[in-house]
Amino acid sequence: NAGVTQTPKFQVLKTGQSMTLQCAQDMNHEYMSWYRQDPGMGLRLIHYSVGAGITDQGEVPNGYNVSRSTTEDFPLRLLSAAPSQTSVYFCASSPAGTGVGYGYTFGSGTRLTVV
Amino acid sequence: GNSVTQMEGPVTLSEEAFLTINCTYTATGYPSLFWYVQYPGEGLQLLLKATKADDKGSNKGFEATYRKETTSFHLEKGSVQVSDSAVYFCALSEPSLNDYKLSFGAGTTVTVRA
């Protein structure tokens, strides 16, 4: 099925460990974003990309890295996990230009716990 | 900067009741406005959208009208069902300013009782 695929769905990390959350889309969307969802805070933007090779920081980028080597993939790297990074992470994609005005498609999320 | 303010929840209703969730926004240009829904244990799904003033978005019995004069995009449904229990997010982007990021409200949890 076409859409945004995130892996893994669940992950437990120890403080200080690193890991990569994977995100792939097969809709040829230019724009991709990573959000974290915390209770009572809605979704906050971590990093985003407007095309292959182009990334930028969102509201809460500290502790996370991204790269966009292909249109399809947009992995999120946690460099040294901290308990404050316990959250649900969502990847989303959208067509370029005015197509963005028609909404993003979201993945099903990764629930991360850092102990 | 852009911001979205939603009414705080949780909201608890009986089946067939009328639902309104208020949403107001602050934006620089001419934003596109969205309502997303998140059912328990799932990701976000686009519920409806409006891309210019006075547009009405509608889907699954839900409606919202883009009111530029009051900077609002309130979500309404005339008769809710238990299956409408979810978290609802209001959001905006500003493609007119080449700002493609999506800014979200805090979300409103709705529970519908049989």
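The values are calculated or read from the model by the stated rules, or taken from the named source; none is laboratory data. Fair warning: this is a prediction, and the values are worked out from it, not measured in the lab. Every residue, glycine among them, receives a Cβ derived from its backbone with ideal geometry; neighbour counts consider all protein chains shown.
Determine if the stretch A:75-82 includes at least one residue that is within 14 Å of chain B (Cβ to nearest Cβ) and aliphatic (A, V, I, L, M).
The first filter runs over the stretch A:75-82 and keeps only residues within 14 Å of chain B (Cβ to nearest Cβ), leaving none.
So far as the stretch A:75-82 goes, no, none of its residues is within 14 Å of chain B (Cβ to nearest Cβ) and aliphatic (A, V, I, L, M).
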> So, in the stretch B:60-100, of the ones that are of a type in the set (Asp, Glu) and within 14 Å of chain A (Cβ to nearest Cβ), which residue ends up nearest to residue A:34 (Cα to Cα)?
Replying inline: B:99
>> Looking at the stretch B:62-74, I want the residues that are in contact (Cβ under 8 Å) with a residue 12 or more places away in the chain and have a partner that is of a type in the set (Phe, Trp, Tyr) and in a strand (DSSP E or B) with Cβ atoms under 6 Å, at least 6 apart or on another chain. Which pairs are those?
In response: B:64/B:35; B:71/B:25
> If only one of B:57, B:43, B:29 is loosely packed, with under 15 Cβ neighbours inside 10 Å and not hydroxyl-bearing (Ser, Thr, Tyr), which one is it?
Replying inline: B:29
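Is it the case that residue A:114 is within 16 Å of residue B:45 (Cα to Cα), surrounded by 14 or more Cβ atoms within 10 Å (Cβ to Cβ) and in contact with a strand residue (DSSP E or B) (Cβ under 8 Å, 6 or more places away or on another chain)?
Answer is no for this residue.
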> If you scan the stretch B:22-35, which residues turn out to be free of Cβ contacts under 8 Å to residues at least 60 places away in the same chain and out of contact with any His (no Cβ under 9 Å at 6 or more places or on another chain)?
Replying inline: B:26, B:33, B:35
> In the stretch A:11-69, what count of residues is obtained for those that are among the charged types (D, E, K, R) and under 12 Å from the mean Cα position of the chain (by Cα)?
Replying inline: 3
> Taking the stretch B:1-18 only, how many residues are aliphatic (A, V, I, L, M) and closer than 19 Å to residue B:33 by Cβ?
Replying inline: 2
> Of everything in the stretch B:101-114 that's crowded, with 22+ Cβ neighbours inside 10 Å and modelled with pLDDT under 90, which residue is nearest to the other protein chains (Cβ to nearest Cβ)?
Replying inline: B:102
>> Being touching a Leu at 6+ places or on another chain (Cβ under 8 Å), in contact (Cβ under 8 Å) with a residue 24 or more places away in the chain and within 11 Å of chain A (Cβ to nearest Cβ) narrows it down to one residue among B:13, B:19, B:44; which is it?
In response: B:44
> If we keep just the residues of the stretch A:75-115 that are in contact with a helix residue (DSSP H, G or I) (Cβ under 6 Å, 6 or more places away or on another chain) and at pLDDT below 95, which is farthest from residue B:94 (Cα to Cα)?
Replying inline: A:94
> When residue B:81 is evaluated against the numbered criteria (1) under 19 Å from residue A:106 (Cα atoms); (2) touching a residue at least 40 places away in the same chain (Cβ under 8 Å), which criterion, by number, is the only one it fails?
Replying inline: (1)
> For residue A:109, are the conditions met, namely being at the interface with chain B (Cβ under 10 Å from one of its Cβ atoms), touching a residue at least 60 places away in the same chain (Cβ under 8 Å), touching a Leu at 6+ places or on another chain (Cβ under 9 Å) and under 19 Å from residue A:4 (Cβ atoms)?
Replying inline: yes
> What strands (runs of 3 or more DSSP E) completely inside the stretch A:27-73 contain at least 1 residues that are closer than 24 Å to residue B:90 by Cβ?
Replying inline: A:31-37, A:43-51, A:54-57
